[in-house]
Amino acid sequence: MIIKQLSVFLENRTGRLTELTGILEENDINISAFSIADTADYGILRMIVGRPLEAAEVLRKQGFAVKVTDVVAMIVPHRPGGIHKALQIISDNNVAIDYMYAFASGECKATVVIRADSLEKLIEVLTEHKMELLQEGDVTQV
Amino acid sequence: MIWNTEYECMEREELRKLQGERVKNMVRRVYDSVPFYRKKLQERGIEPGDINTINDLQKLPFTTKQDLRDNYPFSLFAVPQSEVVRLHASSGTTGKSTVVGYTHNDIQMWSEVVARSLTMAGVTKSDIIQVAYGYGLFTGGLGLHYGAEKVGASVIPISGGNTKKQLQLMEDFGSTVIACTPSYAAHLGEALLEEKIDRTKLKLRAGVFGAEPWTEEMRSQIEQLLGIKAYDIYGLSEIIGPGVSMECRCQNGMHIFEDHFIPEIIDPETCEVLPYGQLGELVFTPATKEAMPLIRYRTRDLTRLHAEKCDCGRTLVRMEKCVGRSDDMLIIRGVNVFPSQVESVLLEMSETKPHYLLVVDRENNLDTLEIQVEVEEQFFSDEVKELEGLRHRVKSNIASLLGISATIRLVEPGTIERSMGKAQRVVDKRKLK
């Protein structure tokens, strides 16, 4: 149920992100989901990729500061209220979300990547409420 | 005007005799009362009786800042603590400061040399002097304060900062003299323009500036902005504080008050004493200090000495503006900063040695310090709040250890240039030479 996410520290420099995506392309690594948290001086790039551990190694070799973080990826219906229902369950069960990002894939589904204070509890309550969660091997399908 | 013609215009032969006498007495005193010096002299087979004239000074060992740290806080004091009436300190590595102590007589002597300095800038009892150096552990504020009182001027002990208030009092009280760091003087000058204060309403005519390096360009800029004549004062707390040397109206170097602080110039590599006129490291023996006399203290400041009599009538040796340091110390906004201090803060926050770079610059005449820290994986969290928390912790630890604020910039690993595997620690963009 736990998905490996890569977090990369990036300085705000023109072209820096392109360098990174170039390296992933050269190594034939597909990016499935992607978000950037930015401040004035730097950003934190978070992404779900195929073969995350290999990708982390490749990026480290090129001098990037990379962290592999555990997250949960949940699938919600792509329609009004779809994400609301899921968030309601999470907050009702007192799980604190550190950060999240979402993207719609196709006509009827959206995927939400969540990092929370307790992933274990998050998985437990979502499973209990029959929410669909991605498995590690599913990533390339996202 | 000369405050003390007897000493400031003494024939050099006579002065050398006096210096010899004073060194002789001092060596006897420290031998009897400072175990550190007794041991150091004994190791070299020197007895107090071996030191009789100023020529014997060269036989004595040097004292370094490290010796002061090793003897933290009071082990170099030559008098019982009950005789110490004042303590000052500067920031130090890993939280250990350099501590200096003063007896009642030391404070008198300090006031005397600052009075001489202020007199060189034409200050008299009719002046109103605004002391905008920091008051506190830093010697600048109180040093100028006591000297100005000795002259009999009216002192405004406003301390540093609070620019609006500085300008308001300058106008309302009619301050005639200002004492502060040169960068703050320039800052005040620009604030004057910004606030659209009519300069003709001010009575300011002279400024006594020191505690940090500054250029002749900066001098003319300050003189123009504030409509004053700017004088350079030099000092360091280990020797006494401000008032070790000062520029007279001829502005041809700073006269060292040699009857108290005996100067030498040495080759920083070989420690050989160099003749007048040659560039080397400045060494002082503050021979009359009671609480903390030091033997041949290495200042690490690089300069030259000139002994020709000055047009002002003083015979005291003149030192040029310091051209640099023989160590890696930086002076930022008047505060002494060693890169190793920054390193110790960063080390405390992580298990391994971080890569960092100090970028010093001067914007709007105020020194700025940016510390770039490479975000290696031990530092890296993937949450912004964690990284920002780290940044604030570094910032506040730096501020509390160094006493100055710095901008912390997190950079990617490998960004900071390394040569021969060794990282460069400092980039000083200020144009001071």
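The values are calculated or read from the model by the stated rules, or taken from the named source; none is laboratory data. Being a predicted model, the structure only gives us computed values, none of them experimental. So basically every Cβ, Gly included, is an ideal-geometry build from the backbone, and we count neighbours across all protein chains shown. Accessible surface is based on the protein model in full, side chains and every heavy atom, while ligands, DNA and RNA are left aside. Shrake-Rupley method; radii C 1.70, N 1.55, O 1.52, S 1.80 Å.
Might you let me know whether region B:289-312 holds any residue that is of a type in the set (Ser, Thr, Tyr), modelled with pLDDT of 95 or more, buried (at least 19 other Cβ atoms within 10 Å of the Cβ) and touching a helix residue (DSSP H, G or I) at 6+ places or on another chain (Cβ under 8 Å)? No, because not a single residue in region B:289-312 is of a type in the set (Ser, Thr, Tyr), modelled with pLDDT of 95 or more, buried (at least 19 other Cβ atoms within 10 Å of the Cβ) and touching a helix residue (DSSP H, G or I) at 6+ places or on another chain (Cβ under 8 Å). Within region B:380-404, the set of residues being facing another protein chain (nearest Cβ under 8 Å) and either assigned to a helix (DSSP H, G or I) or surrounded by fewer than 14 Cβ atoms within 10 Å (Cβ to Cβ) (or both) comprises B:VAL384, B:LEU387, B:GLU388. For region B:405-417, a residue qualifies if it is open to solvent by 10 Å² or more (accessible area, probe 1.4 Å) and either of a type outside the set (D, E, K, R) or assigned to a loop (DSSP other than H, G, I, E, B) (or both), and the qualifying residues are B:SER405, B:THR407, B:PRO413, B:GLY414, B:THR415, B:GLU417.
Of all residues in region A:38-58, those being assigned to a helix (DSSP H, G or I) and either buried (at least 20 other Cβ atoms within 10 Å of the Cβ) or of a type in the set (Gly, Ala, Ser) (or both) number 3.
Only one of the numbered conditions (1) free of Cβ contacts under 8 Å to residues at least 60 places away in the same chain; (2) surrounded by fewer than 17 Cβ atoms within 10 Å (Cβ to Cβ); (3) in a loop (DSSP other than H, G, I, E, B) is not met by B:PRO354, and that is (2).
When region B:95-144 is filtered for residues that are closer than 14 Å to B:GLY403 by Cβ and assigned to a helix (DSSP H, G or I), the ones remaining, listed by number, are B:GLY95, B:THR139, B:GLY140, B:GLY141. Among the residues making up region B:212-227, a single one is in a loop (DSSP other than H, G, I, E, B) and free of Cβ contacts under 8 Å to residues at least 40 places away in the same chain: B:GLY227. When region B:363-379 is examined, which residues are found to be open to solvent by less than 10 Å² (accessible area, probe 1.4 Å), free of Cβ contacts under 8 Å to residues at least 40 places away in the same chain and more than 12 Å from chain A (Cβ to nearest Cβ)? Across region B:363-379, the qualifying residues are B:LEU369, B:ILE371. When restricted to residues that are modelled with pLDDT of 95 or more, surrounded by fewer than 19 Cβ atoms within 10 Å (Cβ to Cβ) and among the small types (Gly, Ala, Ser), region B:65-105 contains 2.
Among the residues making up region B:33-64, a single one is loosely packed, with under 13 Cβ neighbours inside 10 Å and under 25 Å from the mean Cα position of the chain (by Cα): B:GLN58.
For region A:39-50, the count of residues that are in contact with a strand residue (DSSP E or B) (Cβ under 7 Å, 6 or more places away or on another chain), β-branched (Val, Ile, Thr) and within 14 Å of chain B (Cβ to nearest Cβ) is nonzero. Considering B:SER154, B:SER117, B:SER111, the condition of being assigned by TED's automatic domain parsing to the domain that holds B:GLY313, closer than 27 Å to B:VAL323 by Cβ and of a type in the set (Ser, Thr, Tyr) is satisfied by B:SER117 alone. Against the definition (open to solvent by 40 Å² or more (accessible area, probe 1.4 Å), touching a strand residue (DSSP E or B) at 6+ places or on another chain (Cβ under 7 Å) and not charged (D, E, K, R)), how does B:LEU274 come out, yes or no? So B:LEU274 does not fit the description; no. Among residues of region B:313-326 being basic (Lys, Arg) and within 21 Å of the chain's Cα centre (by Cα), the one that is least open to solvent (accessible area, probe 1.4 Å) is B:ARG318.
Which residue is nearest to B:LYS385 (Cα to Cα), if the candidates are limited to region A:18-35 and must be within 12 Å of chain B (Cβ to nearest Cβ) and open to solvent by less than 80 Å² (accessible area, probe 1.4 Å)? Filtering region A:18-35 for residues that are within 12 Å of chain B (Cβ to nearest Cβ) and open to solvent by less than 80 Å² (accessible area, probe 1.4 Å), the one nearest to B:LYS385 (Cα to Cα) comes out as A:SER35.
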